[in-house]
Amino acid sequence: LPFMPDDLKVSPTSATHYQHFAHGPLSAYLYLSAEQGVDDVTGMLHELAQRNTELSDKDLRDFLLSFKIDPPPVTDAGALASVRKLIADVNPSVPFAIRKPVTFLLKPNIHAVMDQNKFPSVFNNLTVQQEETVLSELDAQVKTSNYELWRTKQVSDFLDGIWARYGETYEGKLIRPLLKSRRVCRPCAPVLIAFTLAIWLWRRRKASQLITTQSKASQ
């Protein structure tokens, strides 16, 4: 679409982004995970866990609001419970051994799940349904085979959820208004076409009458 504001218009990475998301859920997951600042957030979680007092709702709300996105992260009771669950799962008082994006580190685990399900050995040959199966079984496989990687994966997955909220910007500013305008325009289009055609025929008739009048006058 033309005339988009800078935060919505096409960027050099847009094509790659949508190609991965169109390929399947696992491809989308890996692409999104590669973008996460895991190093910073594992450090933030470790700092939270070092506090001598029990974490309050305000502590967790401040943690969520430290992610500067539009719209801001959700901070309701469910969101706070999710942060508490994350902290309970990964025990961030113990330093993280892995503090970088997990996309490439997960490849052995992905291939293990693919082999277990007797899927094609080449990742790009998976169907959408096969990608969905691998993604659904991946977390348990990682937790069993590489606990430290699993801890970091939980942080990465949490960040995937945080930044997925940015999609609401597209929905609120672009997708929803566009769909509403389409719903209005579709029934109006035949009326507009008929009206335009009627105006054209009327003008053509008036022009024809004027020519006839001028012809008679000249005679």
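The values are calculated or read from the model by the stated rules, or taken from the named source; none is laboratory data. Source: prediction; values computed, not measured. Note: ideal-geometry Cβ built from the backbone for every residue, glycine included; neighbour counts use all protein chains shown. The area values use the complete protein model at the heavy-atom level, side chains included, leaving out ligands, DNA and RNA. Shrake-Rupley method; radii C 1.70, N 1.55, O 1.52, S 1.80 Å.
Need at least 3 residues that are modelled with pLDDT of 90 or more per element, so show me which helices (runs of 4 or more DSSP H) inside the range 1-65 make the cut, counting only ones lying wholly within it.
On the way: elements: 14-23, 25-33, 38-49, 57-65.
The helices (runs of 4 or more DSSP H) meeting that bar are 25-33, 38-49, 57-65.
Quick one: I175 ticks every box in (1) over 18 Å from the mean Cα position of the chain (by Cα); (2) surrounded by fewer than 16 Cβ atoms within 10 Å (Cβ to Cβ) bar one, so which box is it?
Of the numbered conditions (1) over 18 Å from the mean Cα position of the chain (by Cα); (2) surrounded by fewer than 16 Cβ atoms within 10 Å (Cβ to Cβ), the odd one out for I175 is (1).
Going residue by residue through the range 11-22, is there one that turns out to be in contact with a Ser or Thr (Cβ under 8 Å, 6 or more places away or on another chain), open to solvent by less than 80 Å² (accessible area, probe 1.4 Å) and of a type in the set (A, V, I, L, M)? Please lay out each step first, then the result.
First pass over the range 11-22, keeping only residues in contact with a Ser or Thr (Cβ under 8 Å, 6 or more places away or on another chain): 20-21.
Subset that is open to solvent by less than 80 Å² (accessible area, probe 1.4 Å): 20.
Keeping just the survivors that are of a type in the set (A, V, I, L, M) gives none.
Within the range 11-22, none of the residues are in contact with a Ser or Thr (Cβ under 8 Å, 6 or more places away or on another chain), open to solvent by less than 80 Å² (accessible area, probe 1.4 Å) and of a type in the set (A, V, I, L, M).
Can you tell me which residue is nearest to A79 (Cα to Cα) among those in the range 185-200 that are out of contact with any helix residue (DSSP H, G or I) (no Cβ under 9 Å at 6 or more places or on another chain) and open to solvent by 90 Å² or more (accessible area, probe 1.4 Å)?
Residues of the range 185-200 that are out of contact with any helix residue (DSSP H, G or I) (no Cβ under 9 Å at 6 or more places or on another chain), as a first pass: 186-191, 193-200.
Among the residues that remain, those that are also open to solvent by 90 Å² or more (accessible area, probe 1.4 Å) are: 186, 191, 193, 195, 197, 200.
Working: R186: 40, V191: 48, I193: 50, F195: 53, L197: 56, W200: 59 Å.
So the residue we want is R186.
Looking only at the range 151-169, which residues are within 19 Å of K68 (Cβ to Cβ), open to solvent by less than 30 Å² (accessible area, probe 1.4 Å) and of a type in the set (D, E, K, R)?
Once the filter is applied, which keeps residues that are within 19 Å of K68 (Cβ to Cβ), open to solvent by less than 30 Å² (accessible area, probe 1.4 Å) and of a type in the set (D, E, K, R), the range 151-169 yields only D160.
Suppose the filter is at pLDDT 95 or above, surrounded by fewer than 18 Cβ atoms within 10 Å (Cβ to Cβ) and within 18 Å of G24 (Cβ to Cβ); does E148 pass it? Reasoning before the result, please.
Details: at pLDDT 95 or above: yes; surrounded by fewer than 18 Cβ atoms within 10 Å (Cβ to Cβ): yes; within 18 Å of G24 (Cβ to Cβ): no.
Answer is no for this residue.
List the pairs whose first member sits in the range 176-190 and is at pLDDT 85 or above, whose second member is open to solvent by less than 70 Å² (accessible area, probe 1.4 Å) and not in a helix (DSSP H, G or I), and whose Cβ atoms are under 7 Å apart, counting only residues at least 6 apart or on separate chains?
none
Kindly indicate whether T212 is at pLDDT below 85, over 29 Å from the mean Cα position of the chain (by Cα) and either open to solvent by less than 50 Å² (accessible area, probe 1.4 Å) or of a type outside the set (G, A, S) (or both). Let's see the steps before the verdict.
Working: at pLDDT below 85: yes; over 29 Å from the mean Cα position of the chain (by Cα): yes; either open to solvent by less than 50 Å² (accessible area, probe 1.4 Å) or of a type outside the set (G, A, S) (or both): yes.
Here the answer is yes, as T212 does meet what is asked.
Give me the pairs: first residue in the range 49-71 and under 16 Å from F158 (Cα atoms), second residue open to solvent by 30 Å² or more (accessible area, probe 1.4 Å) and part of a loop (DSSP other than H, G, I, E, B), beta-carbon distance under 6 Å, and six or more apart or on different chains, which are they?
Sorted first by the residue in the range 49-71, then by its partner, the pairs are R61/T75; L64/T75; I69/Y166.
Say we look at the range 94-135 and pick out the residues that are within 22 Å of the chain's Cα centre (by Cα) and of a type in the set (S, T, N, Q); which of these is nearest to R51 (Cα to Cα)?
Checked the range 94-135; the qualifying residue nearest to R51 (Cα to Cα) is T103.
Condition first: over 14 Å from the mean Cα position of the chain (by Cα) and hydrophobic (A, V, I, L, M, F, W, C). Now tell me which residues in the range 16-52 satisfy that.
Passing the criteria: V38, V41, M44, L45, L48, A49.
Hey, can you tell me all the residues within the range 80-126 that are farther than 26 Å from G43 by Cβ, open to solvent by less than 60 Å² (accessible area, probe 1.4 Å) and part of a helix (DSSP H, G or I)?
I110, A112, V113, M114, F123
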